[in-house]
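Trainee: Quick one: the structure is below, and I'll ask about it shortly.
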Amino acid sequence: QRFMLQHASPQSGDGSLERQARREEEVEADIKRGIHSREFELFYQPIIDLREGWVAGFEALMRWRHPEKGTVSPGEFIPVAEATGQIVPMGCWALEEALNAQKRFQEIVEPHGRPPLFMSVNVSGRQLLELDEIEKLGAVVARSGMDPQYIKLEITESLLVDEPMHAAVALEQLRNKGVRLAIDDFGTGYSSLSYLHLFPLDTLKIDRSFVSDMVHDPRRERIVRAISRLARDLDLNIIAEGVENDEEMASLNRFECDYVQGFHLARPQTADQIAELLAGKPVFPRP
Ligand code: C2E
Ligand code: MG
Ligand code: MG
Ligand code: MG
């Protein structure tokens with residue numbers, strides 16, 4: 001219920017609400033068709049270790065290759081899939097698919113003496129509402145044969161703030177499977193600092209909006225610096241999202257941010273493109 005409310009945008013006049021509901025039904029049917037015709041695909045965006053200047057892992061990002069609309073971005077279909085519950089099986093598929101890709105990527109770098117690459121997968125709050133679903137995710141992890149310490153699940157802070165008791169149980173269950181948990185888009189929601197020590201988190205992802213405003217706004221920069229410090233003091237890894245230029249890289253380097261992710265370093269790409277990148281010499285310039 002809550003998750004549906006969250007995504008329903010406020011509309012005035014019942015006509016537009018009706019129209020919105022109809023539109024949602026259309027997208028729902030289209031998603032169903034798309035799943036059936038295997039139109040969904042994962043792209044992978046490299047996440048770079050700032051000290052080493054090397055790929056440390058990836059975030060799996062869903063794409064929809066629509067026969068008429070071309071590539072549809074998740075911003076357009078994830079909210080509907082969450083409202084309809086379709087995100088639950090889709091998310092399970094995404095985890096399985098991402099872990100297959102992770103295995104493939106690790107096999108490429110292993111002979112070069114590179115440490116294992118992590119894989120980060122977005123998980124919707126909807127997927128964590130039932131214990132059954134959490135068990136399914138655990139089963140996917142177990143079946144993959146991958147070492148769970150290199151698997152990260154990204155959760156947004158709204159889940160933790162809206163349903164703290166439920167979230168605590170759900171995240172504890174996941175953590176017991178050995179996977180790592182990241183808090184995504186940190187700073188955009190209601191950002192209650194209290195949850196940082198209440199939940200078994202491993203990584204904090206600073207939202208893109210903070211990173212991109214940073215160089216023009218000293219106050220934003222100080223917020224990023226403070227979040228970095230806080231995370232370090234709490235033994236959390238930090239990933240800065242949406243890094244688009246050298247200036248941002250330099251600031252993040254000064255704040256001793258652990259990992260960076262953004263178009264400046266690498267865009268989300270297909271598994272084949274990533275395989276090619278890793279087979280080459282994927283070294284990224286350090287600021
Ligand atoms: P997110 O998890 O915060 O993912 C990061 C988003 O930032 C991605 O957008 C990525 O392409 C974009 N990004 C990365 N670097 C840059 C940059 O330098 N500049 C700019 N402008 N953007 C950058 P994308 O792929 O469109 O995904 C949007 C959101 O959709 C994700 O945000 C996530 O919340 C959701 N999503 C994507 N895939 C999945 C999935 O498999 N399951 C679930 N539940 N949600 C997903
Ligand atoms: Mg994410
Ligand atoms: Mg994010
Ligand atoms: Mg974000």
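Trainee: Return yes or no: is ILE155 open to solvent by less than 20 Å² (accessible area, probe 1.4 Å), at pLDDT 90 or above and either away from ligand 4 (no atom under 14 Å from the Cβ) or over 18 Å from the mean Cα position of the chain (by Cα) (or both)?
Mentor: no
Trainee: Looking at the range 150-160, can you tell me whether even one residue there is of a type in the set (Asp, Glu) and closer than 16 Å to GLY91 by Cα?
Mentor: Scanning the range 150-160 turns up at least one residue that is of a type in the set (Asp, Glu) and closer than 16 Å to GLY91 by Cα.
Trainee: State the number of residues belonging to the range 96-133 that are part of a helix (DSSP H, G or I), hydrophobic (A, V, I, L, M, F, W, C) and over 24 Å from ASN237 (Cα atoms).
Mentor: Total satisfying the criteria: 2.
Trainee: What number of residues within the range 212-247 are out of contact with any Asp or Glu (no Cβ under 7 Å at 6 or more places or on another chain), assigned to a helix (DSSP H, G or I) and within 15 Å of ligand 4 (Cβ to nearest atom)?
Mentor: 3
Trainee: Based on what the data block shows, is ASP233 without any contact (Cβ under 8 Å) to a residue 24 or more places away in the chain and either over 25 Å from SER158 (Cβ atoms) or open to solvent by 20 Å² or more (accessible area, probe 1.4 Å) (or both)?
Mentor: Judged against the criteria, ASP233 is a match.
Trainee: How many residues are away from ligand 1 (no atom under 16 Å from the Cβ), farther than 21 Å from LEU153 by Cα and open to solvent by less than 70 Å² (accessible area, probe 1.4 Å) when one looks only at the range 200-219?
Mentor: Adding up the residues that qualify gives 1.
Trainee: Next up: When you check LYS136 against the structure, is it away from ligand 2 (no atom under 16 Å from the Cβ), more than 25 Å from PRO46 (Cα to Cα), surrounded by fewer than 19 Cβ atoms within 10 Å (Cβ to Cβ) and modelled with pLDDT of 95 or more, yes or no?
Mentor: Criteria met by LYS136.
Trainee: Hey, another quick one. Is it true that some residue in the range 94-111 is closer than 20 Å to GLN173 by Cβ and open to solvent by 70 Å² or more (accessible area, probe 1.4 Å)?
Mentor: yes
The values are calculated or read from the model by the stated rules, or taken from the named source; none is laboratory data. What you see is a predicted model, and the numbers here were worked out from it, not measured in a lab. Positions of Cβ are generated from backbone atoms using ideal geometry, with glycine treated the same way; all protein chains shown enter the neighbour counts. The area values use the complete protein model at the heavy-atom level, side chains included, leaving out ligands, DNA and RNA. Shrake-Rupley method; radii C 1.70, N 1.55, O 1.52, S 1.80 Å.
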